[in-house]
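A short write-up of the structure that comes next.
The values are calculated or read from the model by the stated rules, or taken from the named source; none is laboratory data. All of these numbers come straight from a predicted model, not from anything done at the bench. Cβ atoms come from the backbone with ideal geometry, glycine included; neighbour counts cover every protein chain shown. All accessible areas refer to the heavy atoms of the entire protein, side chains included, with ligands and DNA or RNA removed. Shrake-Rupley method; radii C 1.70, N 1.55, O 1.52, S 1.80 Å.
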Amino acid sequence: MTPAIRVVERAQVAHRVLAYVHDPSAPAYGPEAAAALGLEPRQVFKTLIVTLEGAAARGAALATALVPVMQQLDLKAAADALGAKRIALAEAALAERTTGYVVGGISPLGQRKALRTVLDASALGWGEVFVSAGRRGLELALSPADLLRLTGGTTAPIAR
């Protein structure tokens with residue numbers, strides 16, 4: 001059981017845990033998960049940890065951004081959504097140390113240090129979205145509303 005799964009179980013929200021055998025030679029974790037589980041890639045969201053600078057960031061801070069696995073994070077749109085002057089992807093070691101998860105298994109839920117979260121607005125078009133359950137080879141399915149409630153997140157069009 002991962003911290004992410006504990007969060008949804010304690011909150012008693014409807015969810016599913018899906019497992020697949022992670023291939024260490026896969027070029028990207030998110031698309032691998034979607035393909036291995038036969039999921040619509042637009043419904044599977046990757047968790048990106050970003051560094052924020054300026055404005056609401058109060059110097060330098062971290063946040064979580066979630067975008068569909070086949071898309072990229074629009075840095076300017078995400079910065080606007082987070083009230084920052086600019087953002088950049090956090091270094092892997094910093095992301096792992098802050099969240100308590102390894103890259104490819106970082107979940108927006110159950111992070112060691114709860115981070116501000118912004119979810120791409122496309123998630124609201126789905127009854128269920130998929131995010132990492134906190135380990136490579138493990139996905140968590142839940143409603144976008146529950147994901148937002150559990151993370152205290154907001155939505156914005158941050159994918160391109």
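Give the average over all directions of the projected area of the C-alpha convex hull of the range 23-117, one decimal, in nm². Intermediate values should be presented prior to the final figure.
Numbers: hull surface 24.4 nm².
Taking a quarter of the hull surface, the average projection is 6.1 nm².
On full extension of the chain, what length is gained from Ala145 through Leu89, given 0.36 nm per residue of separation minus the C-alpha to C-alpha distance?
Result for the pair: 17.6 nm of gain on full extension.
If the viscosity is 1.567 mPa s and the temperature 4 °C, what translational diffusion coefficient in µm²/s does Stokes-Einstein give for the range 101-150 when Rh comes from Kirkwood over Cα pairs?
In µm²/s, the coefficient rounds to 114.
Checking a compactness column here: for the range 1-51, what do you get for Rg(Cα) / (2.2 N^0.38 Å), N being the number of residues?
It is 1.32.
Please identify every one of the trypsin sites (Lys or Arg not before Pro) in the range 54-139 that sits in a loop by DSSP and has no more than 13 other beta carbons within 10 Å of its own beta carbon.
Arg58, Lys85, Arg112, Lys113
At 1.4 Å probe size, with the rest of the protein present, what percent of the exposed accessible area of the range 1-54 is carbon and sulfur atoms?
Using a 1.4 Å probe with all protein chains present, the range 1-54 comes out at 54 percent carbon and sulfur.
So for the range 55-160, averaging the separation of alpha carbon pairs under 8 Å that are six or more residues apart and normalising by length, what relative contact order in percent results?
Relative CO of the range 55-160 lands at 32 percent.
How far apart, in nanometres, would the label points at Arg97 and Ala11 be if each is projected 7 angstrom from Cα along the Cα-to-Cβ direction?
2.8 nm
When the Cα centres of the range 96-120 and the range 1-34 are compared, how far apart do they sit, in Å?
What the calculation gives is 13 Å, centre to centre.
In what sequence, largest accessible area first, do Ser132, Ser122 appear using a 1.4 Å probe?
The residues order as Ser122, Ser132, largest area first.
At 7 Å along the Cα-to-beta-carbon direction for both Leu124 and Val21, put a label point, then send me their distance in nm to one decimal.
4.1 nm
Kindly write out, for the range 141-146 in residue order, the coupling ³J(HN,Hα) from the Karplus curve 6.51 cos²θ - 1.76 cosθ + 1.60 (θ = phi - 60°), rounded to whole Hz, with x marking Gly and Pro.
For the range 141-146, the Karplus-derived couplings read 9, 7, 6, x, 4, 5 Hz, x marking Gly and Pro.
What do you get when you divide the Cα radius of gyration of the chain by 2.2 N^0.38 Å, with N the number of residues?
Details: Rg = 14.4 Å, N = 160, 2.2 N^0.38 = 15.1 Å.
In units of the globular-protein estimate, the chain measures up at 0.95.
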